[in-house]
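The values are calculated or read from the model by the stated rules, or taken from the named source; none is laboratory data. Keep in mind that this is a model prediction, so the values were computed, not measured. Quick reminder, even Gly has a Cβ in these numbers, built from the backbone with ideal geometry, and neighbours come from all protein chains shown. For accessibility, only protein heavy atoms count, side chains too; no ligands or nucleic acids. Shrake-Rupley method; radii C 1.70, N 1.55, O 1.52, S 1.80 Å.
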Amino acid sequence: METYILSLDQGTTSTRAMLVDRSGNVHGVVREVLSLHYAKPGWVEVDAEHIWQSALNVIREVFVQTGVSPEQVAAMGITNQRETTVLWDRTTGVPVREAIVWQSRQTATICEQLKSEGYESLFQEKTGLLIDPYFSGTKVSWMLQQSKNVREAAEHGDLLFGTIDSWLVWKLTGGRVHVTDPSNASRTLMFNIHEMKWDEELLAILDVPANMLPEVRSTSEVYGYTDTEWFGAAIPIAAVVGDQQAALFGQGCHEPGDVKNTYGTGCFMLMNTGTEAKKSEHGLLTTVAWQLNGKTEYALEGSVFVAGSAIQWVRDELGLIATSAESEQLAASVDSTEGVYVVPAFVGLGTPYWNSAVRGAAFGMTRGTTKAHFVRAALESLAYQSKDVLNVMEQDSGIKLVKVCVDGGVVMNNLLMQFQSDMLGVTVDRPYNQESTALGAAYLAGLAVGYWSNREELRELRVIDRLFVPRMEESHRDELYSGWIKAVRAAIAFA
Ligand code: G3P
């Protein structure tokens, strides 16, 4: 009987399930789109129950569509949008309120307060992160501050905290297992990435009771089994991993210096730094890549908050294109943006600016600016933001990059990938199978149950689809990029 690994990829805007075979081929992707809520400017929230239902739906449907039975699943891996914060009742399983999404800015005041109290270097030393609303810690504090009942329930030990991985494992195991892994824990602002444990001092500063926190287990091991109520069979859950670290693993970036860039809702460039937790001086994050076979490996990360969602915005809010794919054709209908820049700082800016007050802006329009120029400028903003990240990554690592592996929804856009290579001045390597995130989770789960035996075997499964090499004159690149820097500075000045 053929067996498979089930990969569940719970992202910001959608939940997807797929089955992966021994050759790394993906069977029957099923996707469900999620609705996010924007209750106030800068806020982004989602119903955790809706996420759970979507997970159930896509997994059930992938079995129906492929004809594969749950008994044929050797193990399941979960990869997830990171930082998004859920608090729920440990008895009833009911979330206390909507989950706060990683992009949400509602804890900006708490962050300013912590910074004014001088805590920034303490948090950076211990967690590798900066104080920013992006991370889970202040989101938990905020939820506990909102209601006396919630605070009391938390103090009483009635509530559980989790990022989406913990929430889904808890639901899938029928409330029996409350765990996370270091790749997710390292995004919470509460986890000491050197000692590899929840940090009591930070918990006290954030005023978060330790009894709410999940147990931190390795990235690749069997944590428990799905309750037979859901799929009939008890499927071993054998990996949980943050989606960006999963993509790093799935791209085969297993050696120090290997870099990948994923274009999803946001855009995240990670460099593997091996067993060294390298401290950044330029606004990158130090994060756990994975803990595997007793060994912890780290990464340097540049986080861009708005990437694919800028394309969604020109499609859904401005109505300039009907489908995201149309953006390539429209952008290609003009030779350049003719000096137009879009800075999609809808929820502030991450690496290297870390400014939560700045908002989106567009510059350089003339009466002759068409929607093609504007859409092209929105697309190019993904490449410019990645260039901002690559610059500081080279400074922090002391490594001059020659290649970046890419994945995510937008990488089929050849125009953007060529522009990205031109802008970065490096080879952009697009694999044939662009499901790097889902593959990463599948591979980590497969390793835990002996479906694959080692990383070498996994790296051999990667096939290159296309290499983009820089073609643009350096002087032209510098001129375009300096326009971007001017635009960002002006947007920041306006905030
Ligand atoms: O840190 C946020 C990140 O994990 C979200 O990923 O794929 O939903 O853009 P994505």
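At a glance:
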quantity	calculated
Of all residues making up the stretch 29-46, the number that are β-branched (Val, Ile, Thr) and assigned to a loop (DSSP other than H, G, I, E, B)	1
Residues that are crowded, with 21+ Cβ neighbours inside 10 Å and part of a loop (DSSP other than H, G, I, E, B), drawn from the stretch 179-217	181, 186, 187, 188, 189, 190, 193, 199, 208, 213, 214
Condition check for residue 130: surrounded by fewer than 24 Cβ atoms within 10 Å (Cβ to Cβ), within 16 Å of the ligand (Cβ to nearest atom) and in contact (Cβ under 8 Å) with a residue 60 or more places away in the chain	yes
Residue match in the stretch 300-320 (condition: at pLDDT 95 or above and more than 30 Å from residue 362 (Cβ to Cβ))	yes
Residue in the stretch 110-118 that is more than 18 Å from residue 42 (Cα to Cα), touching a residue at least 40 places away in the same chain (Cβ under 8 Å), among the hydrophobic types (A, V, I, L, M, F, W, C) and not in a loop (DSSP other than H, G, I, E, B) present	yes
Among residues of the stretch 62-95, those that are assigned to a strand (DSSP E or B) and within 16 Å of the ligand (Cβ to nearest atom), counted	6
Scope the stretch 456-492; condition closer than 30 Å to residue 21 by Cβ and either open to solvent by 80 Å² or more (accessible area, probe 1.4 Å) or in contact (Cβ under 8 Å) with a residue 24 or more places away in the chain (or both); matching residues	456, 458, 459, 460, 461, 462, 463, 464, 465, 466, 467, 468
Scan of the stretch 360-389 for residues that are in a loop (DSSP other than H, G, I, E, B) and more than 16 Å from residue 266 (Cβ to Cβ), ordered by number	364, 365, 366, 367, 368, 369, 370
Every residue from the stretch 30-46 that is within 16 Å of the ligand (Cβ to nearest atom), among the charged types (D, E, K, R) and farther than 15 Å from residue 6 by Cα	32, 45
Failed item in (1) free of Cβ contacts under 8 Å to residues at least 24 places away in the same chain; (2) within 16 Å of the ligand (Cβ to nearest atom), with residue 162 passing the rest	(1)
Checklist (1) open to solvent by less than 10 Å² (accessible area, probe 1.4 Å); (2) in contact with a helix residue (DSSP H, G or I) (Cβ under 6 Å, 6 or more places away or on another chain) applied to residue 162, failing item	(2)
Selection from the stretch 245-268 of residues that are in a strand (DSSP E or B) and more than 13 Å from residue 289 (Cβ to Cβ)	261, 262, 263, 267
Selection from the stretch 5-28 of residues that are more than 16 Å from the ligand (Cβ to nearest atom), modelled with pLDDT of 95 or more and in a strand (DSSP E or B)	5, 6, 19, 20
Scan of the stretch 402-420 for residues that are surrounded by fewer than 23 Cβ atoms within 10 Å (Cβ to Cβ) and either part of a strand (DSSP E or B) or polar (S, T, N, Q) (or both), ordered by number	403, 413, 414, 418
